[in-house]
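Trainee: Submitted below is the structure of interest, expressed as structure tokens.
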Amino acid sequence: MTSLSLSARVTDRDVVVELEVAAGETLALLGPNGAGKSTVLALAAGLLRPDDGTVALDGRVLTDVRDGRTQTWVPAYDRHVATLSQEALLLPHLSVRANVEFGPRAQGRSRREARAVAQEWLDRVGVADLAERRPGSLSGGQAQRVAVARALAAEPALLLLDEPMAALDAAATPAVRETLRQVLAEVTCVMVTHDVLDAALLADRVAVVEGGRVVEQGATPDVLARPRSVFGARIAGLNLLRGTWRHDGGSGELVATTGERVHGQAEDLTPGTAAVAVFRPTAVSVYAHPVHGSPRNTFEVVVTSVEPNGDLVRIRAGHLAADVTAQAAAELGVRPGARVWFSVKATEVSLHAS
Amino acid sequence: MTSLSLSARVTDRDVVVELEVAAGETLALLGPNGAGKSTVLALAAGLLRPDDGTVALDGRVLTDVRDGRTQTWVPAYDRHVATLSQEALLLPHLSVRANVEFGPRAQGRSRREARAVAQEWLDRVGVADLAERRPGSLSGGQAQRVAVARALAAEPALLLLDEPMAALDAAATPAVRETLRQVLAEVTCVMVTHDVLDAALLADRVAVVEGGRVVEQGATPDVLARPRSVFGARIAGLNLLRGTWRHDGGSGELVATTGERVHGQAEDLTPGTAAVAVFRPTAVSVYAHPVHGSPRNTFEVVVTSVEPNGDLVRIRAGHLAADVTAQAAAELGVRPGARVWFSVKATEVSLHAS
Amino acid sequence: AEGSTTLTVHAAASLRGPFEELVELFEEEHPDVTVRLNVAGSADLVAQVEEGAPADVVATADTATMERLAADGLVTDPTPFAANTLVIVVPRGNPADVAGLRDLAGDVDLVVCAPQVPCGAAAARVEEAAGVAFTPVSEEQSVTDVLGKVRAGEAEAGLVYVTDALSAGDHLEVIEFEEASEAVNVAPVAVASGSERPALARAFADLVTSPTGERVLTEAGFRRP
Amino acid sequence: MSASSPGRASSRPDSGLPRWVWLPAMLGALLLLLPLLAMTARVDWASFPALVTSDSARTALALSLRTSALSTLACLVLGVPLAVVLARGQFRGRSLLRSLVMVPLVLPPVVGGIALLAAFGRRGLLGETLEVAGIQVAFTTTAVVLAQTFVALPFLVISLEGALVTAGTRYEVAAAGLGARPSTVLRRVTLPLTWPALASGTLLAFARALGEFGATITFAGSLQGVTRTLPLEIYLQREVDPDAAVALSLVLVAVAIAVIALTRRTRSAL
Amino acid sequence: MSASSPGRASSRPDSGLPRWVWLPAMLGALLLLLPLLAMTARVDWASFPALVTSDSARTALALSLRTSALSTLACLVLGVPLAVVLARGQFRGRSLLRSLVMVPLVLPPVVGGIALLAAFGRRGLLGETLEVAGIQVAFTTTAVVLAQTFVALPFLVISLEGALVTAGTRYEVAAAGLGARPSTVLRRVTLPLTWPALASGTLLAFARALGEFGATITFAGSLQGVTRTLPLEIYLQREVDPDAAVALSLVLVAVAIAVIALTRRTRSAL
Ligand SMILES: Nc1ncnc2c1ncn2[C@@H]1O[C@H](COP(=O)(O)OP(=O)(O)OP(=O)(O)O)[C@@H](O)[C@H]1O
Ligand SMILES: Nc1ncnc2c1ncn2[C@@H]1O[C@H](COP(=O)(O)OP(=O)(O)OP(=O)(O)O)[C@@H](O)[C@H]1O
Ligand code: MOO
Ligand SMILES: [Mg+2]
Ligand SMILES: [Mg+2]
């Protein structure tokens, strides 16, 4: 059930990509500056014509260029693809509210309906108090939040996000991220991000782009936990545990399919539903003996590999990894086959529904 | 030895601020979206005339408006103030190299000198391979890096940075941050950032802006470690330890003025120089007994206070703090006066010169 | 008052003054008729009638232009009704001390009409008759332009129709000269072939050539043809 | 867009002007203003009211205003779509069309009149067709409107097309992504965004129509109350009463200034 | 700027055009093109070469090209500073000055000629001053250049000023922050950034100067080789040989189209 399928070559940017996104799925594009991430979005949005390639959305061919000759070219307005880029691009002559109402109105919904939809999104993104302002009098971050509300109110068939949270303040980011997470569960989405946490929390799959090529792609846990690409390895290597959320008594825990019980910073999770726990290997402490202290999560594991990772040492134990300094690794004397305890604080673990 | 002194009221944005920045100092402005951070920069750059207020740089009055009447107004070109905003604003008709050469050339330096300065900055920011390109053919992050090089090559008396790293990829951020850190040591700078780590690593002092007012300001360690403002508390509360960098044998350590020895992720530090160690309270594990494991840093402390912090509990012990879940706090039974061991992995500690 | 019948009269720009008066007289005599007067340079008039402008009566400033219409069969029976002669005009104060035609050949900023337009053709004839050679600083498009330059003091002398000189009033000084009689421009009036009210058109043409018409034209400086 | 543009005019960010530019700038302004001033100085103010309120002057002014209003309307109806097509359409020969459409702007108006006669005159290209249809164009008020539209249309097209190109398609593309059909984009995004240029283009077209002389006299003739607009009246008055001509010219200058000032007001209001 | 504008023309992002705009757009184009076409159809091609290469025609064309080139130069020297001052200067009366400077654009050229006479004529405002200085303007080629500059200058100013306003001051402010003095900003930032508008403004001014008729005949007179430019020659030819007039008009149209096409080329090259 592929929703977006894109395969294109743009010669003068040295970009050759092939991507598929299933319906309702969110694909995160990671990669260094100039890798070609924005180029992929432009190709999907119909802002850039490839030298060769096709783009299809929900089975409908949007772009088809063969050997430089355009066979099919659906203009941007007919693609139902909304782009949210680093520039907010709010219509300067309309109020914030009218900007958010624009999508529903343009799609023929009544004034009343449009107003209701707009109000809902303004509330969810936390800018309802700015509704009557003109875009020109907003701060950078305020404008970006309104742009988020506007894109979501339009209910596009495909949502393209180009670093949508770069301009948000640190305190607002979690709220907006949570809003996006809820929305993205329903919509097909390609998201460019520089924040691996966004990828981990929002994306079902991740593609790493480097030098105009997709060097790696796969399910988010796989790519982030075991990146095979250079760039992936530099920024990712997260621990991800999938399982079911249980709530007995006090604080609830995730029971991983692999058996671990994980405590963490949970969002509103419903007991019994599927969930994922994410934490960085650098947050994992390694002990030669079991310890008791504040860390909620202690896993008894057998070391499968010890390998250098930058100036640290990555200790792998099955599907879990811990990064420690070379000194610590030496002192602990870990080697494959050793039994150790991995410990991670609940405050370092993010939990979310999957 | 005040370099920048700014005191202004902008009525229609409800901004009333007063700030001083010493020569060579870097002030970080933190605050939620729409707080007035960009407004402060615009006032200093001469892009916005206050309804009332003065701006002086190195003793020279740049703006002086009293009761709406302008007494002094030095135009932007005569302020020696370079602004680096979220928009790169590279001159589109010049090559990347010519853009970076622009400042030195405009200030009358020879073609040869300008070229050398430009080359140096292009190298330091990591965009030397783009030197002959036109800005129009750069990706968002590439353009932003060139803008950094251009601003620094101009050697302004005051540097204003408005979220300069928002568009950088995660892998490039540390390198650019390090470059900025070296530069900022010499130049007077006001920097807007949403990343508390940038503030911790780059700024000497921090001001928190909320609702158009400076609600808190002071030395970075003080503000970040013990924020008194609502916004500050939500994003900061870092542990900061000042001391001297020592390097004996393997990996070096910071000997804090308060006695602790701290291992961490060190940049190029010279033994014997002053340094700061920064780590988040959520990264600190708390134990009722001494433990031995991968964490390099264990501090034996006496709890001074236990207070709720969001849905966590913050355990303070003198100048150090640890955030743990309520459950963990309950199990440990910490209360003021208790002796506990704070443990933090070296991978979670940033070390930098101060 | 707007009459039920409209008569369209085309007249050369130099005839505007007297023709407006004649139109008024005609409308008094024919209360149910409204006369529309189209005034433009003779060449424009000819072009417009050739292009099918509605026309009942046409009056041009010289016979040559009228002949172009007659040759195309667009008018019938052109009748001369007035004559116009050239005079010298100088700005008030006569800065170049022009006394007569001979002085124009000297070091005087003279403007005349270009030989292609009627008043220029007349000037050329005068030049020949008097045996002098003008060295004009400009050969203007129309009498109006000559008058304008002299009035503005830009030129020190000009050759124009006496009627135009009169209408310019006391902004100019007028100097008459003998050879003027060698270059009389005769203005003809004719009924347009395409007229839908030939009788009425004839009546207007007759008014122009009648003693009343002659009186009005003489007041404006024209002479009998 | 947003945070970079400070709100108050007094605080418009600027990078300063080199001193020396003032000299040639003021010379240029002088070259343009001195003639208008000198002309004003020539007016005989005592007789001014009488001159400009004469029957023929009032008729001419009324006709001028009426025809200019009509041709401005025609310019809007034809010119806005034409500008949009030239700026946004993608078709072969677009840049040739763009050049051709600008020609009347630089054509001596009399030549324009000749060309209009060649097209719409009785013996013109469309003359017979029109005649069969019972439509007489030349030498009617319609001809005046046609002539004015011919010379004024490029003013509107050039203003709007330039603004459309400069404004770019970023906002339009954003709106399209939100599901707006092309007509919606045009109505709710393109035109509002280029409103200042549209307003100034419209008013320039109006002013140009108001001042039109050469094409009118050649193509429409000079019939009082039918085709004799104010500029034609001025031209004719010059023959008999140059003072009246100057006085009337001043009226035209005043109307032109009023119109342009209005443009600027409208433009800066946005 | 950077990432949002795809590099190739064929991939210009667009939001589509409503179908209906094509009808009025094509009507508008027709209104402008039909007359030119009809005029071309009238030309007697057999005699065309002889007509347009007659001595008087060649002299007039040469004079026209020479004077237009000179007045375009004058427009550049005076108009660029004027546009910069109007767009960037901050002084009282700026918007009034801006309106006044546009007046010649909408003035019937004959009225412009009257005004020029009032200012620079021998008895005009500056007449005596000039005469004392030994400068004779009337009936010289200088007068032609003056008249052409008067009518063409606003074209350059309006093009450039509009582009300056649209371009905004963001880049200039950035350059100033890097320490660039105002002259440097003007030379290295402002003018390069508005180069397309400057080029098209210059060439519009050239074309307008080339077509100038009314002000020239009123102010400068008409003497072969000295002041009789091509448009004057056309008007004069019409009195005796309308065919020649049409043929010469066509030459003028051809030069105008060439000039405008050149503008477009230059503009799109950037
Ligand atoms: N308009 C353009 N014309 C030509 N080349 C371009 C253009 N825009 C980008 N490029 C080049 O294409 C490559 C891919 O650029 P792209 O904008 O897709 O990068 P990105 O992955 O989005 O980077 P960033 O993280 O910096 O935004 C880069 O080498 C860039 O320099
Ligand atoms: N041009 C403007 N005109 C009027 N009000 C403005 C303008 N720009 C910003 N404001 C308002 O002034 C206040 C401060 O805005 P400012 O841009 O300084 O915020 P900021 O702290 O930079 O926010 P962000 O983190 O979102 O960039 C906000 O309430 C904003 O809505
Ligand atoms: O108006 Mo005339 O017919 O040139 O003297
Ligand atoms: Mg990008
Ligand atoms: Mg801001």
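Trainee: As a test question: what accessible area, to the nearest 10 Å², does B:Thr258 have when a 1.4 Å probe is rolled over all protein chains in place?
Mentor: 80 Å²
Trainee: Next question. What translational D, rounded to a whole number of µm²/s, comes out for the range B:237-353 from Stokes-Einstein when the hydrodynamic radius is the Kirkwood one over Cα pairs, at 20 °C and 1.002 mPa s?
Mentor: Value of D from the Cα-based Kirkwood radius: 148 µm²/s.
Trainee: Buried accessible area for the C:D pair, summed, 1.4 Å probe, in Å² rounded to 100?
Mentor: For C against D, buried area totals roughly 2200 Å².
Trainee: A follow-up question, please. In the Gaussian network model of chain B, springs joining C-alpha atoms below 10 Å, which of B:Asp222, B:Asp268, B:Asp195 carries the largest mean-square fluctuation?
Mentor: B:Asp268
Trainee: Taking R0 as 51 Å, what's the FRET efficiency between E:Leu65 and E:Arg170 from their Cβ-Cβ distance, rounded to 0.05?
Mentor: With R0 = 51 Å, the Cβ-Cβ based efficiency is 0.80.
Trainee: Can you tell me the alpha carbon radius of gyration of chain E divided by the globular rule-of-thumb value 2.2 N^0.38 Å?
Mentor: Details: Rg = 21.8 Å, N = 270, 2.2 N^0.38 = 18.5 Å.
After normalising by residue count via 2.2 N^0.38 Å, the value is 1.18.
Trainee: How shielded is E:209-217 by partner chains, expressed as the average number of their Cβ atoms within 10 Å of its Cβ atoms? Write out the running numbers ahead of the final one.
Mentor: Numbers: counts 1, 3, 10, 2, 7, 7, 1, 1, 7.
Going residue by residue through E:209-217 and averaging, the value is 4.
Trainee: Can you give me the solvent accessible area of C:Asp97 with a 1.4 Å probe, rounded to the nearest 10 Å²?
Mentor: In the full protein context, C:Asp97 sits at about 120 Å².
Trainee: In the protein assembly as shown, with Lys and Arg counted as +1 and Asp and Glu as -1 at Cβ, which of these residues, C:Ala123, B:Thr270, A:His289, has the Cα nearest the positive end of the dipole, that is, farthest along it?
Mentor: The Cα lying farthest towards the positive end belongs to A:His289.
Trainee: Would the range A:135-205 count as rounded, prolate or oblate if I go by the C-alpha gyration tensor, calling it rounded below 1.5 in a/c and otherwise prolate when a/b exceeds b/c, oblate otherwise?
Mentor: The shape class here is oblate.
Trainee: Out of C:Pro31, C:Pro78, C:Pro198, any idea which swings most in a Gaussian network model of chain C, alpha carbons joined below 10 Å?
Mentor: Largest GNM mean-square fluctuation: C:Pro31.
Trainee: Just grab the label-to-label distance for C:Glu173 and D:Val132, each label 7 Å out from Cα along the Cβ direction, in nm (one decimal).
Mentor: 6.6 nm
Trainee: Continuing with the same structure: Would you check the accessible area of E:Met26, probe 1.4 Å, heavy atoms only, in square angstrom rounded to 10?
Mentor: Around 80 Å² of this residue is reachable by solvent.
Trainee: If you don't mind, another one. At 222 nm, what value in deg cm²/dmol follows for chain E if DSSP H runs of at least 4 each add -39500 (n - 2.57) and the sum is divided by all its residues, to the nearest 500?
Mentor: Mean residue ellipticity, 222 nm, calculated: -23000 deg cm²/dmol.
Trainee: Dipole of the range A:4-225 (Lys/Arg Cβ +1, Asp/Glu Cβ -1, origin at the Cα centre): which of A:Ala88, A:Leu4, A:Leu29 lies farthest to the positive side?
Mentor: The residue sitting farthest along the positive end of the dipole is A:Ala88.
Trainee: Nm distances between the label at D:Ala133 and the same-position labels in the remaining copies, 7 Å along Cα→Cβ, shortest first?
Mentor: Counterpart label points of D:Ala133 in the remaining copies fall at 5.7 nm.
Trainee: Quantify how strongly other chains surround peptide D:138-146 by giving the mean number of their Cβ atoms within 10 Å of each of its Cβ atoms.
Mentor: Partner-chain Cβ atoms within 10 Å, mean over residues of D:138-146: 2.
Trainee: Of the heavy-atom accessible surface of the range A:237-353 (probe 1.4 angstrom), what whole percent is carbon and sulfur?
Mentor: Here it works out to 51 percent.
Trainee: Which angle between 0 and 90 degrees, to the nearest 10, do you get for helix A:173-184 versus the longest principal axis of chain A when only C-alpha atoms count?
Mentor: Result, in degrees: 70.
Trainee: Here's a follow-up. Defining the label point at 7 Å along Cα→Cβ, can you sort the distances from E:Arg66 to the same site in each other copy, shortest first, in nm?
Mentor: 4.9
Trainee: Rounded, prolate or oblate: pick one for the range E:1-156, where a ≥ b ≥ c are the square roots of the eigenvalues of its C-alpha gyration tensor, a/c under 1.5 means rounded, and failing that, prolate if a/b is larger than b/c, else oblate.
Mentor: Taking the square roots of the gyration eigenvalues as a ≥ b ≥ c, the range E:1-156 is oblate.
Trainee: On to the next question. Could you grab the relative contact order for the range A:237-353? Cα pairs under 8 Å, six or more apart, rounded to a whole percent.
Mentor: Working: 271 pairs, mean separation 38.3, N = 117.
Averaging sequence separation for qualifying contacts and normalising by length gives 33 percent for the range A:237-353.
Trainee: If you rank B:Arg79, D:Arg238 by how much accessible surface each has, with a 1.4 Å probe, what is the order from largest down?
Mentor: D:Arg238, B:Arg79
Trainee: Find every distance from the label point of E:Trp22 to the corresponding label point in the other copies (7 Å from Cα along Cα→Cβ) and write them in nm, one decimal, shortest first.
Mentor: When each copy's label point is compared with this one, the spacings are 5.6 nm.
Trainee: What is the distance in Å between the Cα centroid of the range E:93-107 and that of the range A:1-55?
Mentor: Here the two parts' Cα centres lie 51 Å apart.
Trainee: Two decimals is fine: what's Rg over Rh for the range B:138-257, C-alpha atoms, Kirkwood radius as Rh?
Mentor: We get a ratio of 1.00 for the range B:138-257.
Trainee: With the calculation restricted to Cα positions, what are the radius of gyration and Dmax of chain C in angstrom?
Mentor: 18.2, 58
Trainee: Please list D:Trp20, E:Trp195, A:Trp73 in order of solvent-accessible area, largest first, computed with a 1.4 Å probe with all protein chains present.
Mentor: D:Trp20, E:Trp195, A:Trp73
Trainee: Can you give me the C-alpha center-to-center distance between the range A:295-352 and the range C:25-76, rounded to a whole angstrom?
Mentor: 108 Å
Trainee: Follow-up. Along Cα→Cβ, 7 Å out, is where each label goes; now give me the distance between the ones at A:Arg246 and C:Ala133 in nm to one decimal.
Mentor: About 12.4 nm, to one decimal.
Trainee: Using only DSSP helix segments of four residues or longer, with each worth -39500 (n - 2.57), what per-residue ellipticity at 222 nm results for chain C after dividing by its residue count and rounding to 500? Let's see the in-between values first.
Mentor: Values: 8 runs with 81 residues, N = 225.
Calculated at 222 nm, the ellipticity per residue is -10500 deg cm²/dmol.
Trainee: Under 4.7 Å Cβ to Cβ, no partner at all: give me those cysteines from the protein assembly as shown, in residue order.
Mentor: A:Cys189, B:Cys189, D:Cys75, E:Cys75
Trainee: What do the square roots of 5 times the Cα gyration tensor eigenvalues come to for the protein assembly as shown, in whole Å, largest first, as semi-axes of the equivalent ellipsoid?
Mentor: Computed over the protein assembly as shown, the values are 82, 32, 25 Å.
Trainee: In debye to the nearest 20, how big a dipole does the protein assembly as shown give about its Cα centre with +1 on each Lys and Arg Cβ and -1 on each Asp and Glu Cβ?
Mentor: On the way: 129 positive and 144 negative charges, 1027 e Å.
Here the size comes out at about 4940 debye.
Trainee: Next up: How compact is the range A:1-81 by the rule of thumb for globular proteins, expressed as Cα Rg over 2.2 N^0.38 Å?
Mentor: 1.03
Trainee: Return the FRET efficiency for the residue pair B:Gln327, A:Asp311: r is the Cβ-Cβ distance, R0 is 45 Å, and the value is rounded to the nearest 0.05.
Mentor: So the FRET efficiency works out to roughly 0.80.
Trainee: Continuing with the same structure: Roughly speaking, what is the centre-to-centre gap between the range B:141-198 and the range A:187-218 when only Cα atoms are used, to the nearest Å?
Mentor: That distance is 26 Å.
Trainee: Find which of D:Thr141, D:Ser56, D:Pro104 sits farthest along the positive direction of the dipole of the range D:11-156, computed with +1 on the beta-carbon of Lys and Arg, -1 on that of Asp and Glu, about the Cα centre.
Mentor: D:Pro104
Trainee: Moving to a separate point now. Of E:Thr216, D:Thr141, which has the most accessible area with a 1.4 Å probe, and how do the rest follow in descending order?
Mentor: D:Thr141, E:Thr216
Trainee: Here's another thing I want to ask about it. Per the helix-only calculation at 222 nm, which mean residue ellipticity applies to chain A, given -39500 (n - 2.57) for every DSSP H run of n ≥ 4 and division by its residues, nearest 500 deg cm²/dmol?
Mentor: Mean residue ellipticity at 222 nm (helix-derived): -7000 deg cm²/dmol.
Trainee: Inside 10 Å of the C-beta atoms of C:109-121, what's the mean count of C-beta atoms belonging to other chains?
Mentor: Mean partner-chain Cβ count within 10 Å for C:109-121: 3.
Trainee: For chain B, how big is Rg over Rh, using alpha carbon atoms and the Kirkwood form of Rh?
Mentor: Working: Rg = 22.4 Å, Rh = 22.0 Å.
Rg/Rh: 1.02.
Trainee: Please check: in the Gaussian network model of chain B (C-alpha springs, under 10 Å), which one of B:Ser229, B:Ser251, B:Ser85 has the largest mean-square fluctuation.
Mentor: Between B:Ser229, B:Ser251, B:Ser85, it is B:Ser251 that shows the largest mean-square fluctuation.
The values are calculated or read from the model by the stated rules, or taken from the named source; none is laboratory data. Only a predicted model underlies this, so the values are computations on that prediction, with no experimental measurement involved. Neighbour counts are summed over all protein chains in view; Cβ atoms, including those assigned to glycine, are modelled from backbone coordinates with ideal geometry. Quick note on the areas: whole protein, heavy atoms, side chains included, nothing else; ligands and nucleic acids left out. Shrake-Rupley method; radii C 1.70, N 1.55, O 1.52, S 1.80 Å.
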